[in-house]
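Working notes, beginning with the structure itself.
The values are calculated or read from the model by the stated rules, or taken from the named source; none is laboratory data. Fair warning: this is a prediction, and the values are worked out from it, not measured in the lab. No Cβ is skipped: glycine too gets one built from the backbone with ideal geometry, and neighbour counts run over all protein chains shown.
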Amino acid sequence: MVSISPLPLTHSWPLYEAALRLPLGNLIAAVDDIEPPPTVPDPFIEMGIGIWQCDLKDNALHWTAPVYELFGLPEDEPLDRALAVSLYLEDSRRAMEELRAYAIRHRRGFTLDAQLRRPDGDVRWMRLSALPVIEGRKVVRLCGTKQDVTGEYDGEQRLLTALQATARRIAQAERDIPRS
């Protein structure tokens with residue numbers, strides 16, 4: 001099976017582009033109110049988008065229900081960043097940690113398509129968007145959205161497989177043509 005690379009959606013962006021990169025609507029208000037039980041705008045849930053927050057002073061995580069579902073974790077389980085990070089596949093974990101550090105250091109948002117292996121063994125693709133929250137001149141937390149985009153990658157994989165099969169059939173048909 002050919003792996004589909006997440007690189008086209010792995011990038012950093014300046015904060016002034018946040019409205020273009022995230023479905024901001026009530027995101028900031030929702031993140032500010034994310035203390036359990038979180039308040040999530042209905043359009044986010046309808047689109048399967050979860051909201052998350054990480055407090056940088058202690059790495060405390062706060063997630064809405066769609067994020068728990070994406071990661072395959074029960075909502076009543078205490079959140080631990082080390083556990084969440086351990087569910088990322090190695091290349092995705094490395095890319096996420098690099099973009100996270102860059103976002104904090106340079107006060108930039110980022111978007112990353114990453115792969116997760118849930119505790120049940122299911123592998124999922126996630127579109128992670130992050131936005132630093134700045135108080136004074138310091139980044140105090142990251143917040144953003146997480147969305148399951150496995151269907152997009154599955155569709156691309158099926159298309160790629162079909163194209164490869166077609167190319168093999170064409171090559172075989174060309175070999176079978178009698179040469180005079």
Those helices (runs of 4 or more DSSP H) lying entirely in region 63-180 with at least 2 residues more than 24 Å from Ile45 (Cα to Cα) and at pLDDT below 95 | 90-106, 150-176
Inspect region 71-86 for any residue being crowded, with 16+ Cβ neighbours inside 10 Å, aromatic (Phe, Trp, Tyr), in contact (Cβ under 8 Å) with a residue 40 or more places away in the chain and closer than 12 Å to Leu128 by Cβ and give the result as yes or no.
-> yes
